[in-house]
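Worksheet: one structure, shown below.
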Amino acid sequence: MIWDLHNHINGLPGATPDVHMENLIRFADRMGIERICVFMGYPFINEPTPEQLRAQNDQVLQALAHWSHRAFGFVYLSPQHLEFSLKEFDRCVRNGPMVGVKLWVARRASAPELDPIVEAAASMNAVIFQHTWHKTTGNLPGESEPADVAALAARHPGVPIICGHTGGEWETGIRAIRHLPDVYADVAGGDPTNGFVEMAVRELGARRVMYGSDSPGRGYASQLAKVMGADISEADRKLILGENLKRMMMPILQRKGIRV
């Protein structure tokens with residue numbers, strides 16, 4: 001069972017979200033990927049307005065319209081527009097088909113404006129996914145590092161939060177989150193560097209590591225290779241490739257009556 005945590009419809013061929021999604025599923029099928037999580041529409045915008053957030057969420061809703069048996073949607077929110085984001089959460093998750101929250105680069109995860117979003121997500125058992133990166137050239141003004149996710153998680157004990165990309169520079173990222181049992185490492189994006197998954201399993205435990213690709217920005221094959229080629233047990237590999245994500249998602253899936 002392979003469930004891919006991290007997918008976008010941006011960057012795919014096609015004139016409509018439906019065609020973008022058809023291409024994404026076609027590529028996933030080549031690699032035997034059973035389910036994918038999709039978030040953010042197109043184009044990527046660092047500081048989207050409320051109107052742009054809604055338009056991108058509508059694109060994802062349309063992309064998912066014919067693929068509920070294969071894909072899950074996360075609502076794209078911005079703490080820069082907190083009141084709007086809470087209403088958008090209600091529209092897309094509480095009263096809609098989406099099952100998670102995607103936070104990107106508009107505001108660092110350590111900012112207090114994220115607290116109401118985390119509380120809303122927790123009230124529905126929605127998955128929380130926060131992009132992080134640690135760039136040697138310097139992050140974008142609102143771009144989070146794993147330490148920002150650690151600060152957020154410390155304010156919300158017991159709430160699962162996924163640290164997107166594990167900061168890119170994964171050795172630093174793993175160390176930043178390892179003391180927080182409810183923070184999970186996403187291995188998506190970046191080069192398929194040897195040792196990433198092994199260190200994550202050693203420092204965090206296999207139950208806190210999740211496979212994702214960041215497709216189409218990264219190919220499924222290279223990102224699967226991080227897990228498939230890792231020197232870990234087969235039981236740990238199964239956890240990372242899908243069992244951990246399924247376990248995290250089951251409360252909201254059951255709440256919404258979504259069968260898997």
Over all directions, what mean area does the Cα convex hull of the chain project, stated in square nanometres?
-> 12.1
Ranked by GNM mean-square fluctuation in the chain (Cα springs under 10 Å), the top entry among 106, 65, 153 is 65
Peptide ranges 157-167, 31-41 listed from the most packed, as the mean C-beta count within 10 angstrom indicates | 157-167, 31-41
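Can you give the helix-only mean residue ellipticity at 222 nm for the chain, where every DSSP H stretch with n ≥ 4 adds -39500 (n - 2.57) and the sum goes over all residues, rounded to the nearest 500 deg cm²/dmol? Write out the running numbers ahead of the final one.
Values: 10 runs with 100 residues, N = 260.
Roughly -11500 deg cm²/dmol at 222 nm, from the helical runs in the chain.
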Furthest towards positive pole of dipole, 151, 167, 241, structure part the stretch 131-260, Cβ charges | 241
Would you mind checking the stretch 48-86 for residues with the amide N under 15 Å from a putative spin-label position 7 Å along Cα→C-beta of residue 111?
-> 48-50, 53, 77-86
Calculated log₁₀ intensity ratio I(q)/I(0) where the Debye formula runs over C-alpha points of the stretch 159-260, q = 0.13, 0.20 Å⁻¹ = -0.43, -0.98
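Every read-out reported here was derived from the displayed coordinates using simple, explicitly stated rules and does not represent laboratory data. Note that the coordinates shown come from a computational prediction; the quantities given were computed from them, not determined experimentally. We place every Cβ from the backbone using ideal geometry, glycine too, and count neighbours over all the protein chains shown.
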